[in-house]
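Laboratory data are not the source of any read-out in this text; all were calculated from the coordinates shown. The structure displayed is predicted, hence computed values, not measured ones. Here the Cβ positions follow ideal geometry from the backbone for every residue, glycine too, while neighbour counts run over all protein chains shown.
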Amino acid sequence: MREKIVLIDGHSILNRAFYGLPDLTNAEGLHTNAIYGFLNILFKILDEENPQYLTVTFDVHAPTFRHEMYEQYKGTRKPMAEELRQQVPVIKEVLQAMQIATIEQAGLEADDLLGTISVDCEAKGLDVSIISGDRDTLQLATEHVKIRIPKTKQGKTEIEDYYASDVLEKYGVTPEEFIDVKALMGDTSDNIPGVPGIGEKTATKIIQEYKNIENAHEHAGELKPPRAGKNLAEYWEQAKLSKVLATINTHAEIAFDLEAAKHGNIFTKEAYEYFQRLQFKNLLGRFDVEASANEVEKYFKEVTDKKAIDAIFEKACQADIVGAAISKDAGNVLPLFSHPSGYGRIALAFGKEQIYSIPCDMHTDMEYLFSRLSEVAAHAGLFVMCDIKRYLALLPGIVRERCFDAVIAAYLLNPLKNDYTYEDIAREQLHLMIDENIEESTKACYEAYTCLKAVEPMSKKLKNTGMYRLFEEIEMPLLFTLYDMERAGIKVEAEELKMYGSRLGEQIVRLEREIYEMAGEEFNINSPKQLGVILFDKLKMPHAKKTKTGYSTAADVLDKLAPDFPIVAKILEYRQLAKLKSTYADGLANFIGKDGRIHGTFNQTITATGRISSTEPNLQNIPVRMELGRLIRKVFVPEEGFVFVDADYSQIELRILAHCSGDAQLIQAYREAKDIHRMTASQVFHTPFEKVTDLQRRNAKAVNFGIVYGISSFGLSQDLSITRKEAAKYIEHYFETYPGVKVFLDDTVNQAKEKGYVSTLFGRRRPVPELKSSNFMQRSFGERVAMNAPIQGTAADIIKVAMIGVDRELKRRKLKSRLILQVHDELLIEAEKGELAQVKEILAEQMEKAADLKVPLIVDMHTGQSWYEAK
DNA sequence: GCCTTCACG
DNA sequence: ACGTACGTGAAGGCG
């Protein structure tokens, strides 16, 4: 059995991984996609090959001989993207930690290293596998040297293998001849000029016949097509240069030590720590977890004895901190004992050696476990869980002053993540890796233990980042308010909703027929692809925009076509109705509960800015702008004897901008209760306040919005259908009018670039890793985010404070009225009719005093017998 | 599962 | 030159 060496072309594989994978970033803001992709390929290769030797080659960033020759001749290479560059030293460290040999030598390209080592090792009787993304290396293939080229296809890595015979089969030439083919055809990515007018096809034919360029040159007169021969003669010097450039040096002077390349244990403790830091969760599974077998597991106990269980609860009640978890699986419990909630087990941890998992069974039903756990929550010094809101109905003993939600804390520490699992929290806060393949009982123990132990590091981090008060005084209390809102729900007239839906249905059928008639055929109007074919191919309409996949048929494109093509107007109408029916009429009907109310979910750990989001259904995007859609709000009604009070902040984001920027003009305008859009129009368009036209005011309003979004002339020009130049002029005039705003926005972006994050007035942070990007688009996005997040986030903070205040005051006065919805700058209260005056007073007071700004916070309020009326 | 579109602030 | 407004969630189409 021959021994084997695997040689990896480090830069080439990194490069491939970098461009083949979406951008990934770890908690430190370090880009990791290239490293991740590299390691995936590495592991795949090692699994397949199981080699005795392994070496990774790297280029050194000094100019190399072969390229120096060319760069004198023509230009230089593109610089490496910053996101990739920063990953190069890291992968080298990671490889070192994995005890994998690397080699780099000034003056030599990776290809030359690969070639030289490959020839050397083959001579020593080894099999060689070269892993590279670069087809150049195909010239190195022999009977014992295999070139392996990884390809990313639909997320999966497939590897193409080439021995010498495979090169011949696929390219029609031997590996050696492959050099000459390349010399003729050239390679722009490798800066090989080649011969003009000769591409892959011609080059291959010529070399198949004449074997090398020298011979072909001698027979230049006979080449086909004649033009190729003529060019080869004319560009002979360039062809010779290209051959030199294309030839990999297989006899370079290098210090390669085969013994040092011996492949040993790569799963070292150091490597493990790197993988943790880089947050490569699924790669961590490859490490022998038994070895590091989280010592804590030996204290996990599953308890079923009733007396023992009771003793545990007693002790937990006395503890300073208790971590708890509730899980679905109850092990072998009979269905007879299962709980309507679906839960079958609890776990609790209150000391290093007190970690218990308790399933329900015939002696101990779930009801009992919940009630005892609830007692623990009521008595323990601090009760810690993940996603407390989810369990509040089961654990009424939880007290808001003495509980800690680890998920909410994790969200504040990094609001950019998609989810906040206890596994992530354990890894990030406790450096504890949890195997995915463990029993439910063990899992529950881990979760409870994580909750117990993560409190300290998380509290410390929240304090260090200035977010502890935000956590304790806003986010934690808010969870209880959101829970009450969800439980209250909102009453919906099911019959009315159904009728609204069928009316839409009739109209949709009518429009469908008309559209098919006008198009001359039937097609799926809901398919942008089919619609694009009809409009732009069949009916030859001018196509203004394209998406990645084809023509854009978005509303703003169709709007421009509608005046000229009647069918487009019909399609827009169809779209509007189809949306109303599917998402709202039919969609909402599915969520009406047995009590005639919709109980949606308010999510507290989703948005990057601190806003709340609403799902199942989304009650924050019920139509309002168009009358037809707005009618849906008539089915949202208060209960008998109640009335809706809807209160919304007037221009809260612009007021926050006024406060934060300290701009004198803007502040004065708000203090004097001026019409801000009219005033902006007057200044930006140099028109007396009284003479501002409606159009001017509309445009000024768009500018004001744009400022909050992180203004760009392009964005504004799109919104207003004006040229970029005009938009730029508006912006310039805006900044002349409100110079404080300009200074504020510039400062905010600069500080964000320095610190890597922006903050709200209440201390909430949003990291902005995009600002470090070398990509113009990404960086610009980062700048807009830096301008927008403090404003949107502060508004989110303020209304959260108001919600807590309103909720607290309603309860303190023991009113029947209750808060039921939040729509970012708006609160909806279902008010008992006799309490109306009090409710209005509470709303106004709590909302207005939620923050003390340099400008007043103004609240508009309406009442009505439906959401339609109250808005 | 991703893309496109569209509803809201 | 790059090709965008900020923040969300749901539905339908398509591979």
Can you compute the modelled spin-label distance between A:ALA673 and A:ASP860, with each label point 7 Å from Cα toward Cβ, in nm? 1.4
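Using a 10 Å cut-off around each Cβ, can you sort A:SER502, A:SER866, A:SER242 from fewest to most neighbouring Cβ atoms? Mind showing how you got there, number by number?
Numbers: A:SER502 11, A:SER866 19, A:SER242 27.
Going from sparsest to densest Cβ surroundings: A:SER502, A:SER866, A:SER242.
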DSSP-assigned coil residues among GluC sites (Glu not before Pro) in region A:511-611, each with at most 16 further Cβ atoms within 10 Å: A:GLU521, A:GLU522
What are the principal axis extents of the Cα atoms in chain A, in Å, biggest first? 104, 80, 58
A:GLU314 versus A:PHE705: modelled label distance in nm, points set 7 Å from Cα along the beta carbon direction: 6.6
GluC sites (Glu not before Pro) restricted to DSSP loop in region A:140-213 with at most 10 other C-beta within 10 Å: A:GLU143
Need one number: % antiparallel among DSSP beta bridges in chain A, to the nearest 5. 65
Net charge of Cβ neighbours under 10 Å - reference A:PHE705; Lys, Arg +1; Asp, Glu -1: -1
Which residues does a label at A:MET499 reach in region A:627-654, if reach means a backbone N under 16 Å from a point 7 Å past the Cα toward the Cβ? A:631-637
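Relative contact order of chain A, please, whole-number percent, based on alpha carbon pairs below 8 angstrom and at least 6 residues apart.
Values: 1415 pairs, mean separation 76.8, N = 871.
Across chain A, relative contact order equals 9 percent.
Could you tally the net charge around A:ALA608, taking each other residue with its Cβ under 10 Å from the Cβ of A:ALA608, Lys/Arg +1 and Asp/Glu -1? Please list the in-between numbers first.
Numbers: positive: A:LYS417, A:ARG611, A:ARG766; negative: none.
Taking every Cβ under 10 Å from that of A:ALA608, the sum is +3.
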Among A:LYS352/A:LYS417; A:LYS389/A:LYS800; A:LYS498/A:LYS594; A:LYS151/A:LYS546; A:LYS182/A:LYS205, the pairs whose Cα-Cα distance exceeds 22 Å are A:LYS352/A:LYS417; A:LYS151/A:LYS546
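Would you mind ranking A:VAL244, A:VAL758, A:VAL173 by Cβ crowding within 10 Å, fewest neighbours first? Let's see the in-between values first.
Working: A:VAL244 15, A:VAL758 24, A:VAL173 21.
Ordered by Cβ neighbours within 10 Å, fewest first: A:VAL244, A:VAL173, A:VAL758.
In region A:173-263, which trypsin sites (Lys or Arg not before Pro) fall in coil by DSSP and have 16 or fewer other Cβ atoms within 10 Å? Working shown, then result.
Details: sites: A:LYS182, A:LYS201, A:LYS205, A:LYS211, A:ARG227, A:LYS230, A:LYS240, A:LYS243, A:LYS262; in loops: A:LYS211.
Hits after loop and neighbour filter: A:LYS211.
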So, relative contact order of region A:491-598 in percent, Cα under 8 Å, 6 or more apart, is 40
Residues other than A:HIS677 with Cβ under 9 Å of its Cβ, Lys/Arg counted +1 and Asp/Glu -1, net out at +3
Which value in deg cm²/dmol, rounded to the nearest 500, describes the helix-derived mean residue ellipticity at 222 nm for chain A, given -39,500 (n - 2.57) per DSSP H run of n ≥ 4 and division by the residue count? -14500 deg cm²/dmol
Mean separation of Cα pairs under 8 Å and 6+ residues apart, divided by the residue count of region A:289-464: what relative contact order is that in percent? 27
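Which percentage, to the nearest 5, of the DSSP beta bridges contained in region A:289-464 is antiparallel? Write down the numbers at each step before the final one.
Details: 11 of 20 bridges.
For region A:289-464, the DSSP antiparallel bridge percentage is about 55.
At 0.36 nm per residue, minus the direct Cα-Cα distance, what do A:GLU521 and A:TYR19 gain on full extension? Give it in nm, one decimal, please.
Working: separation 502, 0.36 × 502 = 180.72 nm, distance 4.25 nm.
That works out to 176.5 nm of additional length.
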Estimated FRET transfer efficiency when R0 is 30 angstrom, pair A:GLU353-A:SER613 (beta carbons, to 0.05): 0.15
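For A:THR102 and A:ASN750 in the same chain, what is the full-extension length gain: residue separation times 0.36 nm, less their Cα-Cα distance, in nm? Walk me through the intermediate numbers first.
Numbers: separation 648, 0.36 × 648 = 233.28 nm, distance 3.92 nm.
So the extension gain works out to 229.4 nm.
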